[in-house]
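K.L.:
Following this message is one structure expressed as structure tokens.
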Amino acid sequence: MATVTFDHVWKRYGDVVAVSDLNLDIRDEEFLVLVGPSGCGKTTSLRMIAGLEEVTEGTLRIGDRVVNDLAPKDRDVAMVFQSYALYPHMSVRDNLSFGLKLRKVPKPEIERRVQEAAKILDLGNLLDRKPKQLSGGQRQRVALGRAIVREPAVFLMDEPLSNLDAKLRAQTRAQILRLHQRLATTFVYVTHDQIEAMTMGSRIAVMSAGLLQQVGSPQELYDHPVNKFVAGFIGSPAMNFIDMTATRRDGSVSLSNPTFTFAVPDRLRDAVLAMSGDKVTVGIRPEHLELGDAKPGDATLRATADVVEYLGDEEQIHLTAGEQEIIALISSSARVRPGDVLDLRVSMDRLHLFDDANGLSLASRQLAAA
Ligand SMILES: Nc1ncnc2c1ncn2[C@@H]1O[C@H](COP(=O)(O)OP(=O)(O)OP(=O)(O)O)[C@@H](O)[C@H]1O
Ligand SMILES: [Mg+2]
């Protein structure tokens, strides 16, 4: 059993609250990605699992065992750091086996595990080299190998790809996922890169300023972000946000600002009517804006193309409408030119609404009430 459970966990450094009342159940054998902007508490959370940081308050469990006061070496976890932290004077083979020797693992067993890790990571012909004779990607594979030979119950990885170039990142990303499938072990993976999170995670936990915002599958976070932070953080290019005012009249409600007017989707009407304030942010993903004739019930936005970035099959179009800036992803076949005035439409199903008073999605309020 290699679940990891944060139960009301806090981490304070003096006055700094690095992690605030974290409740998170990491499931056995899942690939959980902790993601969020710099300083949000990802590394601190991971290091608490590893035992490299003390838990200030709350309970941390690995499996059924409370580990708050357990030494790192007794936790059955292995951590891979961003800086590979290899021993420079040791060969790859010795880097892989060193931790096991310290743990007095019998020699034949060490040899078996080193061979196995070398095979998985394709390090067989590099075993006698020193780290400085390796490329960045090869060093990172050795760092992964050093974790694998431990055969831990939980792998902890802190931005392990950030020192690699784009191509190697993509390759190593796939390699780590293969590793996860093959080892069928719990992985907790930290990154600030939402694309990495989306492509790798079986579930994603989004943090901001020490607070867990939402946990869910990539698709849940993309389709149903609970608040404006998650909505803006997940998805690329980022969701467009438009500030609107809700006008309620005789039980009906509309949203407007000096540039646009939107009807409120039926499914969200009650939530807008129940708001205490009248300020709403409308969220629209760039890939949900389309050209062409509106269908009944679509919202439309008229805006002027400003910059067109060609991406191959798609174009990323920067538009302005009054004070508002909008980004749309449109098929290149539309051949949009700077200066074109476009009528962009979006299906009502795809509008996200957020209450400005607290940033919460009005859709999640609807769910809570149901
Ligand atoms: N030893 C420490 N003493 C005081 N404050 C610390 C210490 N370690 C971390 N912090 C603070 O705790 C907060 C969370 O830090 P953490 O390293 O967990 O962030 P992170 O999400 O991993 O960020 P990054 O993406 O930059 O690595 C930050 O505000 C940081 O300044
Ligand atoms: Mg960090």
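K.L.:
Put +1 on the Cβ of every Lys and Arg and -1 on every Asp and Glu Cβ in the stretch 167-323; which of Thr199, Ala238, Gly322 then has its Cα farthest towards the positive end of the dipole?
P.N.:
It is Thr199, whose Cα lies furthest towards the positive end.
K.L.:
Also, quick follow-up: Enumerate the helices in the chain for which the Kyte-Doolittle hydropathy averages -1.0 or more and the C-alpha atoms extend at least 24 Å along the helix's axis, using complete DSSP H runs.
P.N.:
Qualifying helices, which must be both long enough and hydrophobic enough, are 166-183.
K.L.:
With +1 on each Lys and Arg Cβ and -1 on each Asp and Glu Cβ, how big is the dipole of the chain about its Cα centre, in debye rounded to the nearest 20?
P.N.:
My answer is approximately 1760 debye.
K.L.:
I need the peptides 292-303, 95-106, 214-225 ranked by packing, meaning the mean over residues of other C-beta atoms within 10 angstrom, with the highest value on top.
P.N.:
214-225, 95-106, 292-303
K.L.:
P(r) tail for the stretch 236-369, what percent of Cα pairs lie past 28 Å?
P.N.:
Above the 28 Å cut-off, the stretch 236-369 has 19 percent of its Cα pairs.
K.L.:
At 222 nm, what value in deg cm²/dmol follows for the chain if DSSP H runs of at least 4 each add -39500 (n - 2.57) and the sum is divided by all its residues, to the nearest 500?
P.N.:
Values: 10 runs with 101 residues, N = 370.
Rounded to the nearest 500, it is -8000 deg cm²/dmol.
K.L.:
Going 7 Å from the Cα of Asp128 in the Cα-to-Cβ direction, what parts of the stretch 62-96 have a backbone nitrogen less than 19 Å from that spot?
P.N.:
The answer is 89-96, whose backbone nitrogens lie closer than 19 Å to the label point.
K.L.:
Another one. Run the numbers on the stretch 256-343 and let me know its relative contact order in percent, using alpha-carbon pairs under 8 Å that are six or more apart.
P.N.:
Reported relative contact order: 29 percent.
K.L.:
For the stretch 274-333, what Kirkwood radius comes out of the mean inverse Cα-Cα distance, in Å? Write out the running numbers ahead of the final one.
P.N.:
On the way: mean 1/r = 0.0758 Å⁻¹.
One decimal place: 13.2 Å for the Kirkwood radius.
K.L.:
A further question on this structure: Determine the distance separating the Cα centre of the stretch 74-147 from the Cα centre of the stretch 162-239; give it in Å without decimals.
P.N.:
That distance is 26 Å.
K.L.:
Within 10 Å, count the other beta carbons around each residue, average over each peptide in 336-344, 143-151, 278-286, and list them highest first.
P.N.:
Numbers: 336-344: 14.3, 143-151: 22.2, 278-286: 20.7.
Those peptides, ordered most packed to least, come out 143-151, 278-286, 336-344.
K.L.:
Follow-up question, since we're still on this one. What is the Rg over Rh value, at two decimals, for the stretch 161-290, using alpha-carbon atoms and the Kirkwood definition of Rh?
P.N.:
Values: Rg = 19.1 Å, Rh = 17.4 Å.
Computed over Cα atoms, the ratio is 1.10.
K.L.:
Along the charge dipole of the chain, which of Ala263, Leu289, Thr247 sits closest to the positive end, that is, farthest toward it, with unit charges on the beta carbon of Lys, Arg, Asp and Glu (+1, +1, -1, -1)?
P.N.:
Leu289
K.L.:
Additional query: Find the Cα radius of gyration of the stretch 31-96, compare it with 2.2 N^0.38 Å by division, and give the number to two decimals.
P.N.:
Numbers: Rg = 14.4 Å, N = 66, 2.2 N^0.38 = 10.8 Å.
Taking the Cα Rg and dividing by 2.2 N^0.38 Å, one obtains 1.33.
K.L.:
Something else: Within the chain, count lysine pairs with alpha carbon atoms under 17 angstrom apart where the residues are 8 or more positions apart or belong to different chains.
P.N.:
Here the count comes out as 4.
K.L.:
Something else about it: How high is the relative contact order of the stretch 83-200, in percent, with contacts defined as C-alpha pairs under 8 Å that are six or more residues apart?
P.N.:
28 percent
K.L.:
What number, in percent, do you get for the relative contact order of the chain if the mean sequence gap of Cα pairs under 8 Å and at least 6 apart is divided by its residue count?
P.N.:
Answer for the chain is 15 percent.
K.L.:
Please report Rg (one decimal) and Dmax (integer) in Å for the Cα set of the chain.
P.N.:
24.7, 80
Every read-out reported here was derived from the displayed coordinates using simple, explicitly stated rules and does not represent laboratory data. Just so it is clear, the structure is predicted and the values come from calculations on it, not from any experiment. Quick reminder, even Gly has a Cβ in these numbers, built from the backbone with ideal geometry, and neighbours come from all protein chains shown.
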